[in-house]
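Here's the structure, in structure tokens; my notes come after.
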Ligand code: DUC
Ligand code: ZN
Ligand code: ZN
């Protein structure tokens, strides 16, 4: 079936212009000038979709999600089916989740487990990073094979001593290995050893409420870890991508390293742009638990949020992902009612990323092309999926979103599709809404109706990051 989307404004990372998108089966065939001879002749043999007044953009690429992640005795509440359907509702057509190496486990086993969990369950295409919890001789050697399997990035943790934490020696060795095999190193940059001291002292003082999660995970400790990760990456000669950056001091470290020419990149997430320690994490009663995530949301008085928006403009923050890691209040966040350390840390947001970052276009903080670049094109390039994903060009997958930039609506637990009993974004008025979504040429969402199915999504064997030097 050949389809022509006409009448809309096609937005790419480099511009926004009237154009027609022609696709056939799973692939885009052409971008056509409206009224051109080619466009007129294409129209004859195609089903025509009218996108007048709409934006036509490449499907969103969310490179940081955790469907069903086991954490603190429970599991993230979206599984691959519910999470990928929610993603589609929000205009995201590709996710990159994580396969985990447990301590003592081979990478291969960790990857096979996760591939098995996702198989036949996803409504949109998906890839994996691999988290390293046990960097040793065997797992270092295995990294090369995992890259060959299409898992070309590895996440390390400078937090969580006793579980997934890696010390500096392990980090350096993993980076040296990545320098050899071309993988991108992802870093959870927080000094977990110091954080655990502060957390223990807070609980000893009886300070157990959710807000203390934000107090003990101090910005200085994110900045220190970011600095150390950058130095280790320079010494190890590996490219570095810092995930879920939330503190302006950590951003300063990234900015400086980039100014000095280091191959360092960073991602932030909508929760760090819109939520604060005072207004959200410190909510009355136990409601702040809904905003417990790591790194934490930051103080509004210190203006971290403004600095992150600046970083998005200057490219010191190159990607917006969600770190989608939802937990329900009931039975999940509740686990930490008497001790913030036991609150499963994560926020669900895979459905809202495109809309929340579009608000930056509405308010003039970023341009329309930058929205596409941050949410689709750069993530695809960063994670080795471009030009299959992240662009509307001949040969690319027909992952296409038709977006109504004028539609106003209000986010609520009553209208979201994530498997959560609350919405961190409750009551936020937004302008702009996804109307139609194609995933590899198949219409999976239209007019507020999900038309896709689990099992449509395919595993993406990723190439190396295009940001390697
Ligand atoms: N880091 C993540 O990236 N996701 C969930 C929890 C965490 O610490
Ligand atoms: Zn993390
Ligand atoms: Zn995460």
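Contact order normalised by length for the chain, with contacts defined as Cα pairs under 8 Å and 6 or more residues apart; what percent is it?
Answer for the chain is 22 percent.
Calculated FRET efficiency, residue 103 and residue 301, Cβ-Cβ r, R0 51 Å, to nearest 0.05? Display every interim value, and only then the final one.
Details: r = 40 Å, r/R0 = 0.78.
Efficiency, from the Cβ-Cβ distance: 0.80.
How far is helix 137-148 tilted, in degrees, relative to the longest principal axis of the Cα atoms in the chain, given as a value from 0 to 90 rounded to the nearest 10?
Rounded to the nearest ten degrees, it is 10.
How would you rank 177-187, 44-54, 77-87, 100-110, highest first, on the average number of other Cβ atoms within 10 Å across their residues? Don't skip to the answer; put the middle values down first.
On the way: 177-187: 22.3, 44-54: 14.3, 77-87: 25.5, 100-110: 17.0.
Per-residue mean Cβ counts within 10 Å order the peptides as 77-87, 177-187, 100-110, 44-54.
Enter the angle in degrees (range 0 to 90, nearest 10) between the Cα long axis of helix 192-204 and the first principal axis of the Cα atoms of the chain, meaning the one along which they spread out most.
The helix 192-204 is inclined about 70 degrees to the chain.
Using only the C-alpha atoms of region 194-243, find the volume of their convex hull and express it per residue in Å³. Spell out each step's value before the answer.
Details: hull volume 3.4 nm³, N = 50.
Given the Cα convex hull of region 194-243, per-residue volume reads 68 Å³.
Please figure out what share of the DSSP beta bridges in the chain is antiparallel and state it in percent, rounded to the nearest 5. Could the numbers behind the result be given before it?
Numbers: 34 of 69 bridges.
Here the antiparallel bridges make up roughly 50 percent for the chain.
If packing is taken as the mean number of other Cβ atoms within 10 Å per residue, what is the order of 336-348, 241-253, highest first?
Values: 336-348: 21.2, 241-253: 24.5.
Descending packing order for the listed peptides: 241-253, 336-348.
Using Cα pairs closer than 8 Å and at least 6 residues apart in sequence, work out the relative contact order for region 89-224, in percent.
Values: 194 pairs, mean separation 26.8, N = 136.
Computed value for region 89-224: 20 percent relative contact order.
What is the packing order of peptides 371-381, 423-433, taking the mean over residues of other C-beta atoms within 10 Å and listing the highest first?
Details: 371-381: 26.7, 423-433: 17.2.
Most protected by this proxy first, the peptides run 371-381, 423-433.
So what's the back-of-envelope 222 nm ellipticity for the chain, counting only DSSP H runs of four-plus at -39500 (n - 2.57) apiece and dividing by all residues, rounded to 500?
On the way: 14 runs with 141 residues, N = 469.
The helix-only estimate for the chain comes to -9000 deg cm²/dmol at 222 nm.
Using only Cα atoms and rounding to the nearest 10 degrees, what angle (0 to 90) does helix 304-314 make with the longest principal axis of the chain?
Taking Cα atoms only, the helix is inclined about 50 degrees.
Gain in length, residue 43 to residue 331, computed as 0.36 nm per residue apart minus the alpha-carbon separation, to one decimal in nm? Don't skip to the end; give the middle numbers.
Values: separation 288, 0.36 × 288 = 103.68 nm, distance 5.41 nm.
Taking 0.36 nm per residue and subtracting the Cα distance, the gain is 98.3 nm.
Pairs of alpha-carbon atoms within less than 8 angstrom and 6+ residues apart define the contacts here; what relative contact order does region 273-347 have, in percent? If you can, show how the numbers build up before the last one.
Numbers: 81 pairs, mean separation 24.9, N = 75.
Rounded, it is 33 percent for region 273-347.
Could I have the simple spin-label model distance between residue 119 and residue 237, label points 7 Å from Cα toward Cβ, reported in nm to one decimal?
A separation of 3.9 nm, rounded to one decimal place.
Name the shape class, rounded, prolate or oblate, that the alpha-carbon gyration tensor gives for the chain, where a ≥ b ≥ c are the square roots of its eigenvalues, rounded holds for a/c under 1.5, and otherwise prolate holds if a/b is larger than b/c and oblate otherwise.
Working: a/c = 1.70, a/b = 1.41, b/c = 1.20.
Because a/c hits 1.5 or more and a/b exceeds b/c, the chain counts as prolate.
All of the numbers you see were taken from the coordinates with simple rules; none came from a lab. Everything numeric in this text was worked out from a predicted model, so none of it was measured. Don't worry about glycine lacking a Cβ; one is built from the backbone with ideal geometry, like all the others, and counts go over all protein chains shown.
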